[in-house]
Structures are given as structure tokens and as C-alpha cells.
Amino acid sequence: MGLFRKRKKETGPVCSVVVAAAGASTRMGLDKQMADVGGLPVIVRCLQSFQRAPSVTEIVVVTRTDLVPGIARFCQDYGLGKVTKVVRGGEDRTRSARLGTLECDPKAPLIAIHDGARPFVTVEVIEAAIAQAAAGGAAAPAVPVKDTLKQARGGIVEQTLERDVLYAVQTPQVFDADLIRAALQKALDDGVALTDDCAAVERLGMKVVLTPGDERNIKLTTPTDLLIGEILAEEVSAL
């Protein structure tokens, strides 16, 4: 039967979402989850997109202990009814993601994991990744790399990478629920540092299919990103 179980859904895929928002925001210089972008807190913008996505049935927010009350209050104030839990995260991203998956509905066939610092994800990007994961077990949105990339060590270029086959992967990354729970636990057991959740299932030999991403689905990491976010917020408001 394979590593992930096959399920048939008559009404389309059903997905729980883990929003990872437990980072320290050290490069930002302020708490980016609570930062105002275009009149809304970053985390609220993020959660609103999943609130609107038809295939999403629940949202679990994983955050720092000090942010739990504030985010829970936002969920009430902004009518984010799909948020079922706001819980404390772990020491790093992989532990936080694993904790979030354990809090999801055990009957949910799919789990998506999304960066809380990506507030401009669209419903279209979300739904495309969910649909592909329902068909194949693992999917993630991505956009082609525009810049020429060099591989270097000690500041010395070793090779120029072939840009035509390179993609910048975004979130939400969506998986069969059993698969991602097992993959994240395996990574933790092995003490492996992961750059994203897809890497966990790739380690198990599973293929991840890329779906169309969106240039606006940026991750807010530095103060400059907040300035870009203000522009994106104006564009979204104008639509």
C-alpha cells in the first residue's frame, strides 16, 4: 500500500493547516507576527487566506508562549473560526511543525504546513497544493529562480548552477497526514537539521510535486520585507 494511505473523498480533499509562527524574529528587529502591514497584523493576514480556502477545515497555530494570548484574541476579533488551537511551539522549526501536526484532527487526510511570516499567500496557491497532495502525497508551491546562482566555498565559486531547473519553494507545503508526521519524527530522531518540511519526506524517498507559486507569496524576514509588504497590501486592497 506504500508509506501513505490512500483515501477516497467524494467532496474533494480535506486539509488541516499548521501555521508555524514560533520564530524569534531576530533578523526583523521586531515581532513580525504582530507587526502591522497595511492595517492588519501579519499573522491575521496569513490566517485570513486559509480561512477563505474551501479545502481547509481547521487551522492550528504554533507560536511562542508569549504570543499565544494575543493570537488567540486576534482569532476572536477577526472571526477566524477555522482556528481550533493556538499552541506553544518547540525549540526549532522542525519541532514546532511536529507539535502542530500532533494537534491536528487525527481524521484529517492531509496536513499543510505554512510559514506564519508569509501573509500574502493566495487561496489559489493553497488550493493547488492541496489538490496535488491529495493526488500524490506531497506537494509544494514554487516559483522559478530569476537570478544566476553560484555554488561557492570560502568565497570562491565552484560552479554556476543551471537556472532553468532551479525553483524557490514556498509554503504551504502539503502532505498525506501520516506521511508528514512520520517524516518529521524520523528527522528529529536522526538529529537532522531541515530547511523545510519537504526535506523531511524527501529523506524517506518520497517525491514532492511542485505546484504554481506566486511572486507575492514572500516571507517577511527583514525590515525591507515589511516595506515590500506595505506595497503588496495596497495591491491586494485594490483588487
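The values are calculated or read from the model by the stated rules, or taken from the named source; none is laboratory data. Just so we're clear, the structure is a prediction, and the values are computed from it rather than from any experiment. Note that we place each Cβ from the backbone using ideal geometry, even for glycine, and neighbour counts take in every protein chain shown.
Here are a few things to note about the model shown:
- The residues of the stretch 81-90 that are buried (at least 21 other Cβ atoms within 10 Å of the Cβ) and either more than 19 Å from the chain's Cα centre (by Cα) or under 23 Å from T122 (Cβ atoms) (or both) amount to a single one, V83.
- Scope the stretch 160-216; condition hydrophobic (A, V, I, L, M, F, W, C), part of a helix (DSSP H, G or I) and out of contact with any helix residue (DSSP H, G or I) (no Cβ under 7 Å at 6 or more places or on another chain); matching residues: V165, A177, A182, C198, A199
- Those residues of the stretch 191-218 which are of a type in the set (D, E, K, R), at pLDDT 95 or above and within 18 Å of L99 (Cβ to Cβ), in sequence order: D197
- Scanning the stretch 215-239 for residues that are acidic (D, E) and buried (at least 16 other Cβ atoms within 10 Å of the Cβ) yields a single hit, D225.
- Neighbours by Cβ (under 8 Å, 6+ apart or cross-chain): first from the stretch 189-212, of a type in the set (K, R); second modelled with pLDDT under 95: R203/V192
- Criterion: in a loop (DSSP other than H, G, I, E, B), modelled with pLDDT under 95, among the aliphatic types (A, V, I, L, M) and within 22 Å of L184 (Cα to Cα) - qualifying residue of A24, A108: A24
- Checking A135, A129, A152 one by one, the residue that is over 14 Å from the mean Cα position of the chain (by Cα), among the aliphatic types (A, V, I, L, M), assigned to a helix (DSSP H, G or I) and at pLDDT 95 or above is A135 and no other.
- The residues of the stretch 49-69 that are buried (at least 16 other Cβ atoms within 10 Å of the Cβ), without any contact (Cβ under 8 Å) to a residue 60 or more places away in the chain and in a helix (DSSP H, G or I), listed by number, are Q51, L67, V68.
- The residue that is surrounded by the most Cβ atoms within 10 Å (Cβ to Cβ), counting only those in the stretch 168-188 that are more than 22 Å from G23 (Cα to Cα) and either without any contact (Cβ under 8 Å) to a residue 12 or more places away in the chain or not charged (D, E, K, R) (or both), is F175.
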